[in-house]
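K.L.:
Here's a structure for you.
The values are calculated or read from the model by the stated rules, or taken from the named source; none is laboratory data. Everything quoted here is computed from the prediction, not taken from an experiment. Cβ atoms come from the backbone with ideal geometry, glycine included; neighbour counts cover every protein chain shown. Heavy atoms of the whole protein, side chains included, go into the accessibility calculation; ligands, DNA and RNA do not. Shrake-Rupley method; radii C 1.70, N 1.55, O 1.52, S 1.80 Å.
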Amino acid sequence: MRYMKAKDIRRMWLDFFASKGHHIEAGSSLIPKNDPTLLWINSGVAALKKYFDGSEVPPSRRIVNAQKSIRTNDIENVGRTSRHHTFFEMLGNFSIGDYFRKEVIPWAVELLTDKKWFGIEKEKLYITYHPHDLETKKCWMNAGISEDHLIANEDNYWEIGEGPCGPDTEIFFDRGEKFDPQRLGLKLLIEDLENDRYIEIWNIVFSQFCAVPGICRDDYQELPCKNIDTGAGLERLACIMQGTNSNFETDLFYPLIKEVEKKSGKKYLDNPLPFRVIADHIRAITFALADGESFSNEGRGYVLRRLLRRAVRYGKVLGIEKPFLFELVSIVANIMQDYYPYLLDKQEYVAKIVRAEEEKFIKTLNNGEALLIKLIKENRSISGAEVFKLYDTFGFPKELTLEICEEQGVSVDLKEFDDLMQKQKQRARDARSDLQSMNKQAIDLINCTLPSTFNYGGSQIVSTVIACFKDGQKVDSLDDEGEIMLEVTNFYAESGGQVSDTGTIENDQMLAKVVEVIKAPNRQHLHYLKVMYGEIKVGDQVTLKVDEYRRALIERNHSSVHLLQQALTEVLGDHIVQHGSSVNDEYSHFDFNHYEKMSAEQIAEVERKVNQYIASAIKEETLVLPIEEAKKIGAKALFDDKYGETVRVVTFGEVSKEFCGGTHVSNTADIGVFVIEYEESIAAGIRRIQSRTSFGAYELLKKRENILNVSRDLLTAGSIGEVPNRIKCLQREKELLAKENDVLEQKIAGAISNNLKQSFVEKDDLQVLVQFLKEQKRESLLKIIDNLKANKDNYLIALIGEENGGYPLVVAASRKANDQGFLAGKIVKKMANILGGSGGGRPELASGAGKDISKLKEAKDVLLK
């Protein structure tokens, strides 16, 4: 086995699977995009979810990646084990309906053991598999793995609720008896005991079944499209390939540990825990901040704040009293620059943010920790109120308090703390559920009449801070989050359906992100900020930088809506009136009155007209006019809006003239292209069109093209143009097969009916038949009943079938049977209830379904007794 640096392991992984026809997918940001179910990207497959759930067509059905990930479900354990991390890299190879176990297992053996690649000795590898997955065992043996290195384990099954699932197989590396002091050997793997000898390095999931709650795994249906999802931790592979005792001694961590040794004057081997915590946490912090996250009191920002404060506290354990984490950022960037070169560009920015956060915390850390130690000395338990005071007054995270208390053997009343936190959060929600509601109730904002103007031109200007607010209350400065007003601003405030601008406000001592801008009660633009570092004060001169790219996207969408209204009028009629719009950087909504759903032809014609206006390169002109004069030139207004005596009119030649306060392109050609995504009803007589422009339109068109390409391939058509004809052929084939199937089902029903004719029993001058028919669907039962009741005057028939884990039930009763009190609806209801289901229907014919066939005899007795 060769020695390999982490960067070479990563590169070899990607190169190997590229040689097997895989597309190398660039790693995603740690911050999930359009996925509220995830706090962070936490695995290789999480970044590819869009491909597996079908929301996007993948560039290839074979994908390989190296994905940075963060998991923070048990931060307090980081540093206490050899392999636990908050930030890590997951190497993965994926098949989306392409190859399966017969391909991936031999590849795994080749990559791990071939001297051209990792060159690990086969005898060092042990594999676990699910006991029922004998095909996987056979594949490993065929690939050269000895049977005595293959261990069955019931836990080798990947399933998280309803949906795709399947067995998995895990690859372990044996580090030898040096890491097995009790000489337990394979017992460690067989009994799944925590150990440092057998290290899991790769997990391969065979996603081949569909999990259904309440159904036994053995009865899960196979997926029509089977997938492969794998994950191998880079840090673990580095530990193996570099022969270190733990992940922390690899070249991914050890340079950081050596630097902390210099700063502290302490030795890593004397007390590894603080060094490990610091090295791990600064990696997570650096990457998360570089990917655009910031420190805050909620969500991802709170996680980062916890990590930093935990690392600072362990720095203090090592005797480091001043800020030091910020100086480690450049070391992280240097270690990771081979695959993440953007860290070098971001390191100065990240270091500034980290230093500011460190300085802020160190101010309160000593007081908070001193108070906590005093409480611990005086009590054997700490109240929730005391924990809350440490958090609220000293910025001491609950988790840090718990960790210190656990070290000292002191209990904590968490319930009281949680109650106090909930009350605080409710007060915050009541005071400011959002900026708009705060705007209406904050006295300081209502009383603020300082003049402030909006400058439409210029993405970068210099201005002066004239007021600062924290949750609507006036303050002199901000060093965290809050709101400011400026003498002049170039940030558009949300209004007229257009979202606000975002960007930054900065000077030499401070940097803040502008997250949102609204209009204060007296119409000034109120900027909601997150201060990244430094402090912003009233009177400061600052540079305002609007996110130009985002604003350009918003402008293109907004201007396209103006053109859309005219196109709708031309295609649908003069009755079209705008009933609202919503414009952001991704798409726009336009709501209008119309009495029916638009046809595909009408949508296509509207789309064509808007693109024709765009191609005509019509210049935008803004007019500020008395309202009556604006009306005279034909400018359109929103039907229910109120306007002042003077209005702003945005025009695109003679095509569009509208009252509008938003930002727009200077020429329709700047929009690029316009695509209607869908048209729908949102209320009686009100329709909505969602559309995209520019790069968003390109992405939508590309997505549609990819769907067509996949359809072409599935239909084995020579080109996209052949797809409609192939589909028509399939439809004709389906119709013919359906007819053939219907004939066959009639014949089967006839055959079953003939067999059952002798099974009727006489009861009170009534022909009675109750029968359980395996593998017969409800439709088949109805056909069989039609055959059975032919030529019978007085009958009562109940048939029970079997379909998708349930038991359909059909009962038929003649009119004479009805007269005798035998009503099909009541009978089926009673039988279905006995079988654990439900049913009902007419007196002559009724149906239902049961769930528990073990009560079959009891159900039959309803008719036979």
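K.L.:
Write down the percent of antiparallel bridges among all DSSP beta bridges whose residues are both part of segment 761-832, to the nearest 5.
P.N.:
55
K.L.:
If you average the C-alpha positions of segment 135-193 and of segment 281-297 separately, how far apart do those two centres end up, in angstrom?
P.N.:
Measuring centre to centre over Cα atoms gives 35 Å.
K.L.:
I would also like to ask the following. K830: net charge of surrounding residues, Cβ under 11 Å, Lys/Arg +1, Asp/Glu -1, itself excluded?
P.N.:
Residues close to K830 contribute a combined charge of 0.
K.L.:
Another question, then. When 1/r is averaged over all different Cα pairs and the result inverted, which Kirkwood radius in Å belongs to segment 748-865?
P.N.:
In segment 748-865 this quantity evaluates to 13.7 Å.
K.L.:
Mind grabbing the accessible area of I199 for me, 1.4 Å probe, Å², rounded to tens?
P.N.:
Probe radius 1.4 Å; accessible area of I199 about 10 Å².
K.L.:
At 25 °C and a viscosity of 0.890 mPa s, what translational diffusion coefficient does Stokes-Einstein give for segment 476-573, taking Rh as the Kirkwood radius over Cα pairs? Give it in µm²/s as a whole number.
P.N.:
Once the numbers are plugged in, D ends up at 165 µm²/s.
K.L.:
Take the alpha-carbon centre of segment 68-102, take the same for segment 721-759, and report the distance between them in whole Å.
P.N.:
49
K.L.:
Quick check: from the Cα gyration tensor, does segment 651-740 come out rounded (a/c under 1.5), prolate or oblate?
P.N.:
Prolate shape, in that a/c is at least 1.5 and a/b is the bigger ratio.
K.L.:
Setting aside same-chain residues fewer than 8 positions from K115, which lysines have a Cα under 29 Å from its Cα?
P.N.:
K5, K7, K20, K68, K102, K124, K137, K138, K178
K.L.:
Still on this structure, please answer the following. What is the distance, in nm, between label points placed 7 Å from the Cα along the Cα-to-Cβ direction at F695 and at I682?
P.N.:
2.6
K.L.:
List the lysines whose alpha-carbon lies under 25 Å from that of K474, not counting same-chain residues fewer than 8 positions away?
P.N.:
K360, K363, K389, K423, K425, K440, K513, K519, K530, K537, K545
K.L.:
Could I have the simple spin-label model distance between A790 and I633, label points 7 Å from Cα toward Cβ, reported in nm to one decimal?
P.N.:
Placing both labels 7 Å beyond Cα along the Cβ direction yields 8.1 nm.
K.L.:
Report the local net charge at E386: Lys and Arg +1, Asp and Glu -1, summed over other residues whose C-beta lies under 15 Å from its C-beta.
P.N.:
After counting each charged neighbour, the total is -1.
K.L.:
Tell me the relative contact order for the chain as a rounded percent, counting alpha carbon contacts under 8 Å between residues six or more apart.
P.N.:
Relative contact order comes out at 6 percent.
K.L.:
Quote the FRET efficiency, to the nearest 0.05, computed for K115 versus K702 with a Förster distance R0 of 35 Å and r equal to the Cβ-Cβ distance.
P.N.:
Once rounded, the FRET efficiency stands at 0.25.
K.L.:
Let me ask something additional. Between S838 and D764, what is the FRET efficiency for a Förster distance of 25 Å, r being their Cβ-Cβ separation, to the nearest 0.05?
P.N.:
Efficiency, rounded to the nearest 0.05: 0.35.
K.L.:
Still on this structure: Which length gain, in nm to one decimal place, applies between S296 and A385 when the Cα-Cα distance is subtracted from 0.36 nm times their residue separation?
P.N.:
29.8 nm
K.L.:
If we count every other residue with Cβ under 15 angstrom of E487's Cβ, Lys/Arg +1 and Asp/Glu -1, where does the sum land?
P.N.:
+1
K.L.:
Let me know the charge dipole size of segment 471-522 about its Cα centre in debye, to the nearest 20, where only the beta-carbon of Lys, Arg (+1) and Asp, Glu (-1) is charged.
P.N.:
In debye, rounded to 20, segment 471-522 gives about 260.
K.L.:
Using alpha-carbon positions, what is the distance between the centroids of segment 559-575 and segment 358-374, in Å?
P.N.:
Comparing the Cα centres of segment 559-575 and segment 358-374, I get a distance of 62 Å.
K.L.:
For T646 and E177 in the same chain, what is the full-extension length gain: residue separation times 0.36 nm, less their Cα-Cα distance, in nm?
P.N.:
In short, 160.3 nm is gained.
K.L.:
A further question follows. Which three extents, in whole angstrom, do the alpha-carbon atoms of segment 255-370 cover along their principal axes, largest first?
P.N.:
In descending order, the Cα extents are 38, 32, 19 Å.
K.L.:
Now, a different point. Beyond 17 Å, what share of the Cα-Cα pairs of segment 183-315 is found? Please give it as a whole percent.
P.N.:
Counting pairs separated by more than 17 Å, the tail of P(r) holds 73 percent.
K.L.:
K851: which lysines have alpha carbons under 19 Å from its alpha carbon, excluding same-chain residues fewer than 8 sequence positions away?
P.N.:
Cα-Cα hits under 19 Å: K774, K777, K826, K829, K830, K860.
K.L.:
Along Cα→Cβ, 7 Å out, is where each label goes; now give me the distance between the ones at A26 and E740 in nm to one decimal.
P.N.:
In this crude label model, A26 to E740 measures out at 5.0 nm.
K.L.:
Evaluate segment 91-173: find the radius of gyration of its Cα atoms, find its Kirkwood radius, and give the ratio Rg to Rh.
P.N.:
Across segment 91-173, the Cα-based Rg/Rh ratio is 0.97.
K.L.:
To check you understand DSSP bridge types, tell me what percent of the beta bridges within the chain (both residues inside) are antiparallel, rounded to 5.
P.N.:
85
K.L.:
Another question, then. Using only Cα atoms, what Kirkwood radius does the chain have, in angstroms?
P.N.:
Result for the chain, one decimal place: 33.3 Å.
K.L.:
Contour minus end-to-end for S55 and E194, with contour as 0.36 nm per residue of separation and end-to-end as the Cα-Cα distance?
P.N.:
Separation in residues times 0.36 nm, less the Cα-Cα distance, equals 46.1 nm.
K.L.:
Report, as a whole number in µm² per second, the diffusion coefficient that Stokes-Einstein gives for segment 689-773 at 10 °C and 1.306 mPa s using the Kirkwood radius over alpha carbon pairs.
P.N.:
In µm²/s, the coefficient is 87.
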